[in-house]
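For reference, the structure is listed below as structure tokens.
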Amino acid sequence: MEKSKQFLLTLFFIVHLLLIFFQGANTTIDNYWSYHYKSKPNLPRFFTQNKKSEWYYILTGINTGYGFYGIKTSSKKYFKISYYDNHNKLILTDRFFGLNSTNGIQRLGGYSSYMANYIADTEKLIKEDSLSDLVKFRRQYITKSMKWLGKKKAYLIPNCNSYRVELLTIVPDYYKDVNKKLKLYALQSNLYHAK
């Protein structure tokens with residue numbers, strides 16, 4: 001009985017690590033190939049995420065990707081809100097939305113990553129069919145989600161006329177020059193009126 005438990009546990013870990021390896025390898029190769037050759041590689045999709053196994057990938061976190069294996073692949077995404085007065089002068093910049101706990105900040109980072117993936121998936125749909133109702137819905141969801149991130153605080157800040165919500169990503173460029181600064185790219189940037 002004890003040997004069968006040990007065998008099943010060992011088998012589970014081997015299968016799980018293989019899933020992580022193949023997901024990471026496929027993601028990295030796919031991203032590298034599409035960036036450098038502007039096309040999708042013709043690779044067998046062995047052990048990749050599909051509708052039957054998606055629940056397992058989500059449950060274990062394998063679906064979040066392994067960007068740190070790729071060269072110049074962003075792995076850090078975050079929101080930044082800037083509040084402006086009537087003369088478009090900056091009043092305040094906030095990155096953590098008043099969150100003080102580590103857990104809250106990590107969850108916000110997870111949401112940033114989710115939104116970045118959602119925006120990327122929407123861009124793929126736009127290339128396929130720009131007039132579909134799904135694309136319109138997804139664009140509205142992105143705009144409204146980002147609007148609500150800063151709306152409450154904008155009402156509380158005196159003289160706040162507008163606020164900008166940006167979803168930023170950090171792209172490392174360390175393989176050429178270690179002393180170079182990290183590059184920031186805005187994946188999405190929206191300006192809203194506070195009142």
Item checked: Scan of the range 143-172 for residues that are buried (at least 17 other Cβ atoms within 10 Å of the Cβ), of a type in the set (A, V, I, L, M, F, W, C) and assigned to a helix (DSSP H, G or I), ordered by number -> Met146, Leu149, Ala154
Notebook entry, point to check: Is there a residue being outside any strand (DSSP E or B), small (Gly, Ala, Ser) and in contact with a strand residue (DSSP E or B) (Cβ under 9 Å, 6 or more places away or on another chain) anywhere in the range 117-136?
Noted result: yes
Check: Which members of the range 1-25 meet the condition of being polar (S, T, N, Q) and within 14 Å of Tyr57 (Cα to Cα)?
Finding: Gln23
Notebook entry, point to check: With Gly98, Gly104 as the choices, which residue is farther than 15 Å from Gln188 by Cβ, touching a residue at least 40 places away in the same chain (Cβ under 8 Å) and surrounded by fewer than 14 Cβ atoms within 10 Å (Cβ to Cβ)?
Noted result: Gly98
Check: What is the one condition in (1) at pLDDT 80 or above; (2) not assigned by TED's automatic domain parsing to the domain that holds Lys151 that Phe79 does not satisfy?
Finding: (2)
Margin query: Being in contact with a strand residue (DSSP E or B) (Cβ under 6 Å, 6 or more places away or on another chain) and of a type in the set (Phe, Trp, Tyr) narrows it down to one residue among Tyr155, Tyr163, Tyr141; which is it?
Written below: Tyr163
Notebook entry, point to check: among the small types (Gly, Ala, Ser) and at pLDDT 70 or above: does that describe Ser4?
Noted result: yes
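The values are calculated or read from the model by the stated rules, or taken from the named source; none is laboratory data. For clarity, every value in this text was computed on a predicted model and none was experimentally measured. Heads up, the Cβs are rebuilt from the backbone with ideal geometry, glycines too, and the neighbour counts pull from every protein chain shown.
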